[in-house]
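Peer 1: I have a structure I would like to understand better, so I am pasting it below and will then ask my questions one at a time.
The values are calculated or read from the model by the stated rules, or taken from the named source; none is laboratory data. Just so it is clear, the structure is predicted and the values come from calculations on it, not from any experiment. Cβ atoms come from the backbone with ideal geometry, glycine included; neighbour counts cover every protein chain shown. Keep in mind that these areas ignore ligands, DNA and RNA; they rest on the heavy atoms of the full protein, side chains included. Shrake-Rupley method; radii C 1.70, N 1.55, O 1.52, S 1.80 Å.
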Amino acid sequence: MSKLQLKWAGVLALVVLSCAALYPSFDWYSKTPQERDRLEAGRLRPRWLLNLGLDLRGGTHLLMELDVTKLPQDADIKDALDRAIEIIRNRVDQFGVAEPLIARQGERWIVVQLPGITNTRSAKEIIGKTALLEFRMEDDTDKGRDARTKIAELGDPFTHADDGTATITPAAAKLVPAGDALFPGKENSFHLLKATAPVTGAMLESARVETGQNGIPIVSFKFKPDGGRIFGELTAANVGKNMAIVLDGLVYSAPVIKSPIRGGSGIIEGNFRMEEARNLAIVLRAGALPAPVKVIEERTVGASVGEDSIRSGLFACLIGGVLIVGFMLVYYELAGVFANFALFLNLLFLLAMMAYFGSTLTLPGIAGILLTAGMAVDANVLIYERIREELRAGKPVRIAVDAGYDRAFSAILDSNLTTLISAVFLFQFGTGPIKGFAVTLTLGLLCSMFTAITVTHMMFHAYLANRGVDKLHIG
Amino acid sequence: MEFFHQRTHIDFIGNRYKFFAVSGIITILSVVVLAVRGLNYGIEFTGGNVTQITYEKPVAIHEVRLDAEKTASKDAGIQQFTGTNTFTIRIKGEGEGSAESVDKFLAELQAARPDNKFRIDQKDYVGPAVGKHLFRQALLAIVLSLLGIVVYVAFRFNNLVWGLAGVLSLVHDVLFLFAFYSFMRSEFNLTLVAAILTLAGYSINDTIVVFDRMREKMRIYRKENLGQVINQSMNETLSRTVITVLTVLIAVVALYIFGGPVIHDFAMGMTWGTILGCYSSVAIAAPLVYQFEVGHGERAAEGSAPAAGDLPPAPSPSEAPKGPQSSRAERRRRNK
C-alpha cells in the first residue's frame, strides 16, 4: 500500500469509529420518551451519549451551599461535602429523576441538575431537608411545667424567618431551664424538651409510608439492631411520659409512651399529605445531611422553551452551514468541494468526540459548532489563497498545491492556538452552558486542524494523481 | 470566482494616521459610553430573580405592571418581548429566601388575571454570593486569556513589539464590544463574556495571519523598505481576510436571525465585533508594528514614506535567507 492509501485507510477508520461513537446517541434520541424512561429506570442508558443540556430539554439547575458553620468544630469540610453529595444523590435517585447530575463545585458548593423537573418545590424540599431526626423526652418535672406556663404567657416564643427556620426570642430563652431546649411544633405550638437526644435518625434502618387511622398517611420506621435496643431501653424507662419526634428542629408529634417499644420500629404522625409523607420517607431512608444546605442559585427552564431553543438553534446551524458550503463551492469550485467535505468530516468527528466524552450539548454549544464551521474553513481559505498565488506566479499545479499547504501551515497553527488559549480559559472559569461552548470550540478547532489540512491535502493528491490532470479548478 | 482580480495597492502604512484617528475616536467613544451608561449586569453577576412567563391570551404590558403593583413585590421590573405575550420579570438582589418569595409573587400575579393563565418558561434565581463569585471568575477569564494571547504572540514572533501591537488592536476590539453591549443595554451575563472571549480569539487570529505574512516577507526582502513590505503583505492577504470574515459573518448572522432569543445578543455583538476585528488587524495592528519599529522617534523615516508599489521579484527560495529575523537595529538602519 502506498503512503497515500495508508492515509486514506486511516481517515476511513476514523469515520467508521465516529459513526460507531455516534450510533448510541442516534439510537437513544430516536426512541420515544417513555421508552427512554423505562431504560433509564433499568440503568440501561448507554455510556457514550451526547447529552442535551438543561437549556435544551427543560429542567432545573440548583446550586446548593453546605452551611459549614453548622458542622462540628473539628469536622473535615471536604469529607462532609462528599457525604452530603452522596446523600443528595441517594435522595434524588429515590425521587425518580432521569439522568440527574450531582457534583461538587468549589469548596462547599454542590450542583444538582434535574432534567425534566420544572416544579421545583418538592425537589428542593427533598434535597434541602437536613433530615436530622431525633427522639427527645419532654421535661415533665415541676420546674419544666412551671417554665412552660411562663413561656406560654409570652405568646409566640419564636421569630420565624422566610425560609421556615425559627429562632427563639431572647425573652423566652431566659426562661428555659438548664439542660432543656425549646423546640417549635407544628401550628405555632412549642415543646420544652431535654437538651440531649439519646436516639437519632442515624440509627434508622428503613422508613416507608403507610396509611394510618382515618386514612391519613404516616411514616413508619425501623431501627438498626443497636438503635432498637437503645430505643427499647428509653421507652421502658419513660412509660407514661411524652416523647417528641423532632425532624430538622421541628416537633412532628409527641405521643405518650404507653408501653416499652421493643420491636425496634415506630411511626411518625404529623397530619401529613401523601406527598409530604412520601418525601419524608425518602429523606429518612437516605440519611441525614452532615449540615444544612441552602439553595444559592436556581434556574428552571420550561420544557417547551427548551424545544424552541433546539429548533431555532438547529435551524440557524442548518442555514449558516448551507450558506457557508454554498459560498465555498461558488468561490473555489472543485477545491471548494474538498473544503466542504473536510468541513463535513470536521462536524462528524466533533460530534463523535462529544458523544465519546459524554459532553453536554447546550445552546451556546450549538452556537459554538456553527462558529467553528465558520472558522474551520478559514484554514482552507488560507491554503487556497496561497495556492492561487503560487499558480499566478506560474508554478506547476502540483508544486503550487504543496507549496500552498507548506506556507499556510504556520499561520493556521498560530491562529488556532490563540483561539485555543481563550477556549481553555472559558472552560476553566465558565460554568454550565459556557463550559459547553468552550468544549465544542476546543474540540472543533482540534478536529479542523486535522481535516482542513490533512484530509484536503490528501484529496488534492488523489485528484492530481490522475493521469492527464494538469489543471486545478480553484475558482 | 475571485473578488480581487487585480492586485490591490492600498497604502495602509501611508494612511496609518487616518486609521489611528478613526480607531482613537472609536476607543474614546467606547470609554465614554462605558463610563456613562455602565454595564447592565444580569442577575448572574448581581444576584436576584428573573422569570419569563407567557400568557395564553394577549395582554398589554401596562396591565401586567398594574397587576404587579398590587402584589407584595413592588420593585419588579417588567419587560415584554415585542409582538408576543411573553414577559420577563426581574427582581434584583432580594437576598435570602427570595426563590420562595418569587413563587408567592407569581401566584399573586396569576390570581390577578384568572381568565388568562400564564405558563412559566424560565425561572432563574442567583444568590448574591454566587453572583460575586461568577463575576470574579468571568473577569479573571477575560484578563487571563488576553494575557495568554499577548504572551503567545510575543513569543511566536520573537518580538515584544509585535505582541504589543496585536494586543492594542485586540483591546480596541474588546473595548468596543463592551461599549456596544453597554449602549444596547444588553444584559451582561456569562454568554456575553463568551462572546467577548471568542471575539478576542478571532480578532487576534486575523492579526496573526497578517503578521505571519509580514514575517515571511521580511525574511525575503531584508533590504527593502519596511513600510513597503508591510503594505504588500497586507494587500496580498487582503482577499483571504475578506473571505474568512465573510464565512464567519455568515455563521454569526445566521445565529442572529435564526438562533432564538437566548443567543440573540451574543450573535449581534459577534457580528459587529467580527467586522471591527477584521478592520483592526489590517488597519491598526500592522501599521502599529511599523509605527513602533520605524515611526517612533525616527522622523527621518517619515520623509521616505513608502509608496504602495510592488517589490522586486522574490529571490528563489534557495537564496532566501533562512536565518532568524533581522534585528531591530538592522531594520532601522535600512529604513533610514
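Peer 1: If residue A:48 passes every condition in (1) open to solvent by less than 70 Å² (accessible area, probe 1.4 Å); (2) under 30 Å from residue A:451 (Cβ atoms) but one, which one does it miss?
Peer 2: So the condition that residue A:48 fails would be (1).
Peer 1: Counting only residues that are farther than 14 Å from residue A:217 by Cα and open to solvent by less than 60 Å² (accessible area, probe 1.4 Å), which one in the stretch A:250-260 is nearest to the chain's Cα centre (by Cα)?
Peer 2: So in the stretch A:250-260, the residues farther than 14 Å from residue A:217 by Cα come out as A:250-251, A:254-260.
Now drop any that are not open to solvent by less than 60 Å² (accessible area, probe 1.4 Å), which leaves A:250-251, A:254-255, A:257, A:260.
Values: A:250: 31, A:251: 34, A:254: 39, A:255: 41, A:257: 45, A:260: 46 Å.
Restricting to residues being farther than 14 Å from residue A:217 by Cα and open to solvent by less than 60 Å² (accessible area, probe 1.4 Å), the top hit is A:250.
Peer 1: Within the set of pairs 6 or more residues apart or between chains, which connect a residue that is in contact (Cβ under 8 Å) with a residue 12 or more places away in the chain inside the stretch B:137-148 to a residue that is polar (S, T, N, Q) with Cβ atoms less than 6 Å apart?
Peer 2: Close Cβ pairs (under 6 Å, with a partner that is polar (S, T, N, Q)) amount to B:145/A:422.
Peer 1: Okay, next question. Filter the stretch B:181-218 for residues that are over 9 Å from the mean Cα position of the chain (by Cα), part of a helix (DSSP H, G or I) and of a type in the set (Phe, Trp, Tyr); which is nearest to the other protein chains (Cβ to nearest Cβ)?
Peer 2: Ranking the qualifying residues of the stretch B:181-218, first place goes to B:211.
Peer 1: Identify, by number, the condition in (1) touching an Asp or Glu at 6+ places or on another chain (Cβ under 9 Å); (2) more than 8 Å from chain A (Cβ to nearest Cβ); (3) open to solvent by less than 50 Å² (accessible area, probe 1.4 Å); (4) modelled with pLDDT of 85 or more that residue B:64 doesn't meet.
Peer 2: (1)
Peer 1: Next up: Give the residue that is nearest to residue B:45 (Cα to Cα), with candidates limited to residues of the stretch B:109-133 that are in a helix (DSSP H, G or I) and within 7 Å of chain A (Cβ to nearest Cβ). Please lay out each step first, then the result.
Peer 2: So in the stretch B:109-133, the residues in a helix (DSSP H, G or I) come out as B:109-111, B:128-133.
Subsequent filtering for residues that are within 7 Å of chain A (Cβ to nearest Cβ) retains B:129-130.
Details: B:129: 9, B:130: 8 Å.
Per the criteria, the residue is B:130.
Peer 1: Residue B:239 passes all but one of (1) among the polar types (S, T, N, Q); (2) within 9 Å of another protein chain (Cβ to nearest Cβ); (3) surrounded by 24 or more Cβ atoms within 10 Å (Cβ to Cβ); which number fails?
Peer 2: Of (1) among the polar types (S, T, N, Q); (2) within 9 Å of another protein chain (Cβ to nearest Cβ); (3) surrounded by 24 or more Cβ atoms within 10 Å (Cβ to Cβ), only one is false for residue B:239: (3).
Peer 1: Additional query: Can you find a residue in the stretch A:139-148 that is within 37 Å of the chain's Cα centre (by Cα) and at pLDDT 85 or above? Write out each step before concluding.
Peer 2: Taking the stretch A:139-148 as the starting set, the residues that turn out to be within 37 Å of the chain's Cα centre (by Cα) are none.
No, because not a single residue in the stretch A:139-148 is within 37 Å of the chain's Cα centre (by Cα) and at pLDDT 85 or above.
Peer 1: Sticking with this one: For the stretch A:404-435, how many residues meet the condition of being within 33 Å of the chain's Cα centre (by Cα), open to solvent by less than 10 Å² (accessible area, probe 1.4 Å) and more than 8 Å from every other protein chain (Cβ to nearest Cβ)?
Peer 2: So the answer is 0.
Peer 1: For residue B:222, indicate whether it is among the basic types (Lys, Arg) and within 11 Å of chain A (Cβ to nearest Cβ). Quick ask: steps written out before the conclusion?
Peer 2: On the way: among the basic types (Lys, Arg): yes; within 11 Å of chain A (Cβ to nearest Cβ): no.
Judged against the criteria, residue B:222 is not a match.
Peer 1: Also: Of everything in the stretch A:192-206, what is open to solvent by less than 40 Å² (accessible area, probe 1.4 Å) and outside any strand (DSSP E or B)? Give them in sequence order.
Peer 2: Listed by number, the residues that qualify are A:197, A:201.
Peer 1: Within the stretch A:305-335, can you find the residues that are surrounded by fewer than 24 Cβ atoms within 10 Å (Cβ to Cβ), more than 7 Å from chain B (Cβ to nearest Cβ) and not acidic (Asp, Glu)?
Peer 2: A:310, A:311, A:314, A:317, A:318, A:321, A:322, A:325, A:326, A:329, A:334
Peer 1: Given the options A:463, A:384, name the one that is closer than 27 Å to residue A:2 by Cβ, assigned to a helix (DSSP H, G or I) and facing chain B (nearest Cβ under 10 Å).
Peer 2: Numbers: A:463 fails: facing chain B (nearest Cβ under 10 Å).
Answer to the check: A:384.
Peer 1: Could you list, in sequence order, all residues of the stretch B:1-59 that are in contact with a Lys or Arg (Cβ under 8 Å, 6 or more places away or on another chain), open to solvent by less than 20 Å² (accessible area, probe 1.4 Å) and aliphatic (A, V, I, L, M)?
Peer 2: B:43, B:53, B:59
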